[in-house]
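Before any comments, here is the structure.
The values are calculated or read from the model by the stated rules, or taken from the named source; none is laboratory data. In this text, all values refer to a predicted model and were calculated from it rather than measured experimentally. With ideal geometry, Cβ positions are generated from the backbone for all residues, glycine too; neighbour counts draw on all protein chains shown. Accessible surface is based on the protein model in full, side chains and every heavy atom, while ligands, DNA and RNA are left aside. Shrake-Rupley method; radii C 1.70, N 1.55, O 1.52, S 1.80 Å.
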Amino acid sequence: MTAQLSEPKPVAQPAAPSSVASRLPGLVLCAIAAVVGLGVTKLVPAASPLLVAIILGVLAANLHFLPPSRPGHLGLLRDHLRPGLAFASRPLLRVGVALLGLQLALTDVAALGPGMLVVIVAVVTIGTTATMALGKLLKIGRTQRLLIACGFSICGAAAVAAVEGVEDADETEVATAVGLVVVFGTLMIPTIPLLGRVLGLTELQTGLWAGASIHEVAQVVAAGGVIGATALGAAVVVKLGRVLMLAPVLAVLSVRKRRMLGDSADIKRPPLVPIFVLGFIALVLVRTTGVVPAEVVGGAKVVQTVLLAMAMFALGCGVRLAQVRSMGIRPMVLAAASTVIVATTGLTGVLLVS
């Protein structure tokens, strides 16, 4: 009698972790960094939670707090953290940028008067154009100098990340630009109020200059608080006017990128205007209608700060100090020159219109 052999049962394969589960460890770490950043800001109001978060990210990436998960990995950046870090540095950051729109009403910008509107456009246009030209003379790659130009002329790390989404810059270029924004923008916090007093500017003039010159929104708030209550409101509105310029600048970059890529069906071309920028514009329009309660605006600001702080931590985790050092002193020189160009343009404009 022939024995019937049963077919071997397939070995059950472990279920692949869901995308949510794979992102969770990295997102939790980013959230912890954001909470720490907010806590430090409570103790030291001049400190930006975004600045604290990015410093924590750089430390996590470059200090050997834990053994590496495999040769070549540094610090806390084990493999299971990477999906969450990647999610925070892109989708979460873009949501944070879009939420910035709720902090800006077009009526507030219009109230600055046509002269200051021209100043805002001039700061962004001259700052970006001059930085790109100088970067070319310094023989810095186009993408790197574009990230620095937009970060310093428009709205800091948020602009760097937004441009990266269009230009597909590499991690080191983005980290270098963000790091430079943090360093030079932080130096501007005490510098603008001090120079305002030395030059004999009024509190309002100094506030307008701070908003037209300093890189990050949080840095503008810190400087405005140092200058005075009158300056703070003016500084923030001017800065948010610069943030509004992110939409047309990204539209121009997207059109240029699409032309460079051509009509090939095999190449994914960027949208004419990124979706998160459309979201930003939509929220500006919603805020302008006046239908959004103040409580909602305040809550959105907290969420926006947390999301941007999480994103800054994730971007900081991409900073490899050895790679940044290998890029040499030229990006630092360009960043210093861009800061001077933007600040000089802003001061000249403020003096002409006030």
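A few comments on the model shown:
- Test: Val124 is open to solvent by less than 30 Å² (accessible area, probe 1.4 Å) and not small (Gly, Ala, Ser): yes
- Meets criteria (buried (at least 22 other Cβ atoms within 10 Å of the Cβ), under 17 Å from the mean Cα position of the chain (by Cα) and without any contact (Cβ under 8 Å) to a residue 60 or more places away in the chain) for Glu216: no
- Residue match in the range 273-282 (condition: surrounded by fewer than 22 Cβ atoms within 10 Å (Cβ to Cβ), closer than 29 Å to Ala47 by Cβ and modelled with pLDDT of 90 or more): no
- Residue match in the range 313-322 (condition: in a helix (DSSP H, G or I) and surrounded by fewer than 22 Cβ atoms within 10 Å (Cβ to Cβ)): yes
Conditions (1) at pLDDT 80 or above; (2) closer than 17 Å to Ala322 by Cα; (3) surrounded by 15 or more Cβ atoms within 10 Å (Cβ to Cβ); (4) among the polar types (S, T, N, Q), marked per residue:
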{"residue": "Gly39", "(1), (2), (3), (4)": "yes, no, no, no"}
{"residue": "Lys42", "(1), (2), (3), (4)": "yes, no, no, no"}
{"residue": "Ala47", "(1), (2), (3), (4)": "no, no, yes, no"}
{"residue": "Val52", "(1), (2), (3), (4)": "yes, no, yes, no"}
{"residue": "Ile55", "(1), (2), (3), (4)": "yes, yes, yes, no"}
{"residue": "Gly72", "(1), (2), (3), (4)": "no, yes, no, no"}
{"residue": "Leu77", "(1), (2), (3), (4)": "no, yes, yes, no"}
{"residue": "Pro83", "(1), (2), (3), (4)": "yes, no, yes, no"}
{"residue": "Ala86", "(1), (2), (3), (4)": "yes, no, yes, no"}
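- Test: residue in the range 140-161 that is open to solvent by 50 Å² or more (accessible area, probe 1.4 Å) and either closer than 24 Å to Gln205 by Cα or modelled with pLDDT under 95 (or both): yes
- Within the range 92-121, residues that are touching a residue at least 24 places away in the same chain (Cβ under 8 Å) and part of a loop (DSSP other than H, G, I, E, B) reach partners that are open to solvent by 40 Å² or more (accessible area, probe 1.4 Å) and among the hydroxyl-bearing types (Ser, Thr, Tyr) with beta carbons closer than 8 Å, at six or more positions or on different chains, in the pairs Ala105/Thr288.
- Meets criteria (assigned to a helix (DSSP H, G or I), among the hydroxyl-bearing types (Ser, Thr, Tyr) and either crowded, with 24+ Cβ neighbours inside 10 Å or out of contact with any Leu (no Cβ under 7 Å at 6 or more places or on another chain) (or both)) for Thr186: no
- Qualifying residue in the range 288-304 (condition: in a helix (DSSP H, G or I) and modelled with pLDDT under 85): no
- Here the condition is being of a type in the set (Val, Ile, Thr), open to solvent by less than 40 Å² (accessible area, probe 1.4 Å), within 23 Å of Leu29 (Cβ to Cβ) and in contact with a Leu (Cβ under 9 Å, 6 or more places away or on another chain); of Thr339, Thr305, it holds for Thr305 alone.
- Residue check, Val178 open to solvent by 30 Å² or more (accessible area, probe 1.4 Å) and either in contact with a Lys or Arg (Cβ under 7 Å, 6 or more places away or on another chain) or part of a helix (DSSP H, G or I) (or both): no
- Every pair of residues 6+ apart whose Cβ atoms lie under 6 Å, when the first sits in the range 273-299 and is closer than 22 Å to Arg258 by Cα while the second is open to solvent by 60 Å² or more (accessible area, probe 1.4 Å) and modelled with pLDDT under 90: Phe276/Arg94
- Glu164 being surrounded by fewer than 22 Cβ atoms within 10 Å (Cβ to Cβ) and either touching a Gly at 6+ places or on another chain (Cβ under 7 Å) or among the charged types (D, E, K, R) (or both): no
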